[in-house]
DNA sequence: CGAAATTTTGAACCGTTTCAACGGACGTGG
DNA sequence: CCACGTCCGTTGAAACGGTTCAAAATTTCG
């Protein structure tokens with residue numbers, strides 16, 4: 001959803017899986033790179049496999065690297081001095097991390113579940129960027145897309161009720177799964193209640209209670225604590241109060 | 001602060017005022033355009049002068065134009081079907097509007113006070129972008145910067161108390177004024193309490209009460225309802241609970 | 001199977017909102 | 001020049017949604 005760039009809704013998505021060992025090819029971003037560029041990119045990339053809760057980037061550290069998520073889910077978060085946390089986005093396979101960083105990372109990024117990522121040296125990436133102008137156009141597009149997502153999330157955080165937040169969130173996650181949002185569509189919630197709460201600006205108790213309420217209302221079911229099923233897509237959309245409501 | 005790109009903290013800021021009639025030159029963005037590019041840009045630009053509350057862009061309308069604010073303040077907002085509003089950012093002289101839009105504007109943009117803007121046709125802008133690769137690099141930088149600001153604001157909306165929100169907001173606005181944040185520094189608040197509330201995710205009453213509380217605490221004074229003075233920068237920063245606290 | 005972690009549920013509490021009224025600034029018109 | 005109406009900001013009191021604190025239920029994992 002956000003912090004950076006996403007390949008997810010790119011018409012050339014197959015490029016994500018096109019690369020076996022590492023997702024260097026993924027950063028070609030919808031064909032912005034030719035073969036030579038791709039090879040150069042692969043040369044500066046390395047694949048990492050990380051366990052749950054591993055840190056990819058720590059808020060305030062020098063932003064030396066740039067990541068592309070190959071599999072798993074990553075949380076991007078910011079902390080207040082007293083420990084309050086706001087998760088500004090979840091990253092899924094195909095998403096980029098670290099584009100928006102300056103000298104230091106303005107956020108932390110950690111694995112929600114075991115992940116594999118493709119890591120690039122920022123310095124090398126900059127050089128490549130300068131050499132391949134078409135890459136920038138693609139990245140600018142994605143940055144704009146992420147900014148839009150961020151604005152949508154500000155609307156959620158600033159103005160929506162707990163039920164509306166959960167409905168919006170479930171819709172987002174469901175839309176990501178295969179088949180999108182449809183009656184009976186089941187999808188996994190890889191993140192904990194605490195992570196959902198910190199993403200939606202709520203406490204774990206409110207998240208739990210609100211999910212229970214949605215379930216009681218027949219809008220969703222919760223096969224397990226870490227998965228959900230949409231039972232009434234129309235009502236869920238109306239509850240979310242979003243885009244087309 | 002946000003929706004799009006800003007020239008404000010650009011090392012070449014003088015380029016903003018360098019252009020008399022219209023701010024076409026401003027979009028040169030820190031020297032990304034040569035003279036020829038500048039002329040091409042000026043050709044597709046027009047200057048508009050608008051009264052307070054005039055609409056620059058309406059959420060859902062085709063995103064035909066792109067703006068550069070020459071003077072005044074613009075609010076960028078999103079609405080929920082029932083009328084609840086979230087202002088996702090204020091734009092000041094030098095800021096860009098509309099970069100992050102796709103086919104349609106994902107937000108509305110209105111003048112907070114009388115403004116002058118420089119308007120570009122989006123189609124012509126796209127052509128220019130394709131022809132001048134260096135422009136994209138500069139715009140990508142700014143988009144990243146805006147994304148960071150958006151993430152900071154999500155932290156505010158999701159996790160900060162009313163006092164912390166107001167303190168953060170005052171610090172932001174004060175930092176924009178000449179001299180930045182310093183004891184005795186006075187600055188104007190061109191936006192209404194309602195606009196501040198919709199930006200901070202609060203009601204006008206809470207904004208008013210909280211400002212009064214900050215005043216009583218000796219942290220700020222309010223020379224008029226639309227201006228403020230920082231009396232205790234250190235305490236204000238601590239209250240904001242931000243970056244270095 | 002048992003310990004630890006996560007999720008759910010309950011009850012009291014609290015910060016912010018809501019509803020209501022008042023005060024002051026501004027602009028229009030008498 | 002002052003009376004009047006409107007808009008905006010402030011203040012007060014009550015209500016409410018979500019938080020906090022506490023504990024039980026469930027799941028996870030060694």
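Read the figures in this text as sums done on the coordinates, not as results from a lab. Small disclaimer: the values here were computed from a predicted structure and weren't measured. Neighbour counts run over all protein chains shown; Cβ positions are idealised from the backbone, glycine included.
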*If one takes the longest principal axis of the Cα atoms in chain B, at what angle in degrees, from 0 to 90 and to the nearest 10, does the Cα axis of helix B:162-176 lie?*
50 degrees
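Multiply the residue gap between residue A:161 and residue A:124 by 0.36 nm, knock off their C-alpha separation, and tell me the result in nm, one decimal place. Don't jump to the answer; show the numbers that get you there.
Values: separation 37, 0.36 × 37 = 13.32 nm, distance 4.46 nm.
Value of the extension gain: 8.9 nm.
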*By counting other Cβ atoms within 10 Å of each Cβ, how are A:44, A:69 ranked from fewest to most?*
A:44, A:69
*Could you pull the copy-to-copy label distances for residue A:178, with points set 7 Å along Cα to Cβ, in nm to one decimal and sorted shortest first?*
6.4
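Can you tell me the FRET efficiency between residue B:34 and residue A:238 if r is taken as the Cβ-Cβ distance and R0 is 41 Å, rounded to the nearest 0.05?
Working: r = 53 Å, r/R0 = 1.29.
Here the calculated transfer efficiency is 0.20.
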_Cβ-vector label at 7 Å, residue A:124, separations to other copies in nm_ = 4.4
*Can you put B:71, A:163 in order of Cβ neighbours within 10 angstrom, beginning with the fewest?*
B:71, A:163
*For chain A, find the longest principal axis of its Cα atoms and tell me its angle to the long axis of helix A:204-216, 0 to 90°, nearest 10.*
60 degrees
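If you count, for each residue, the other Cβ atoms within 10 Å and average over each peptide, how do B:77-89, B:201-213, A:172-184 line up from highest to lowest? If you can, show how the numbers build up before the last one.
Details: B:77-89: 18.3, B:201-213: 16.7, A:172-184: 14.1.
For the peptides B:77-89, B:201-213, A:172-184, the packing ranking is B:77-89, B:201-213, A:172-184.
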*For chain B, report the translational diffusion coefficient in µm²/s to the nearest whole number, using Stokes-Einstein at 10 °C, 1.306 mPa s, and a Kirkwood Rh over Cα pairs.*
85 µm²/s
*When the Cα atoms of segment B:28-159 are enclosed in a convex hull and the volume is divided per residue, what value in Å³ results?*
108 Å³
*Over all directions, what mean area does the Cα convex hull of the protein assembly as shown project, stated in square nanometres?*
22.3 nm²
_Modelling each spin label as a point 7 Å along the Cα-to-Cβ direction, I'd like the residue A:192/residue A:53 distance in nm, to one decimal._
0.7 nm
*With the radius of gyration and the Kirkwood radius both derived from the Cα set of segment A:160-240, what is their ratio Rg to Rh?*
0.91
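For the ranges A:56-63, B:189-196, what's the packing order if you count other beta-carbon atoms within 10 Å of each residue, average per peptide, and put the highest first? Before the final figure, lay out each step's value.
Working: A:56-63: 16.4, B:189-196: 18.5.
Ranking the peptides A:56-63, B:189-196 by packing returns B:189-196, A:56-63.
Only helical DSSP H runs with n ≥ 4 go in: add -39500 (n - 2.57) per run for the protein assembly as shown, normalise by residue count and round the 222 nm mean residue ellipticity to 500 deg cm²/dmol. Show your work: numbers first, answer last.
Working: 16 runs with 190 residues, N = 490.
One gets -12000 deg cm²/dmol as the mean residue ellipticity at 222 nm.
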*May I ask you to report, in nm to one decimal and beginning with the shortest, the distances from residue A:204 to the same position in the other copies, taking label points 7 Å along Cα-to-Cβ?*
4.1
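With a 10 Å Cβ neighbour count serving as the proxy for reagent exposure, in which order, fewest first, do B:186, B:35, A:231 appear? Mind dumping the intermediate values first?
Working: B:186 14, B:35 8, A:231 17.
If I rank by nearby Cβ atoms, fewest first, I get B:35, B:186, A:231.
Give the calculated FRET efficiency between residue B:64 and residue B:116 to the nearest 0.05, with a Förster radius of 22 Å applied to their Cβ-Cβ distance.
It comes out at approximately 0.70.
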*asked:* Once you order the gyration tensor axes a ≥ b ≥ c over the Cα atoms, which shape class does segment B:85-155 get: rounded for a/c under 1.5, otherwise prolate or oblate by comparing a/b with b/c?
replied: oblate
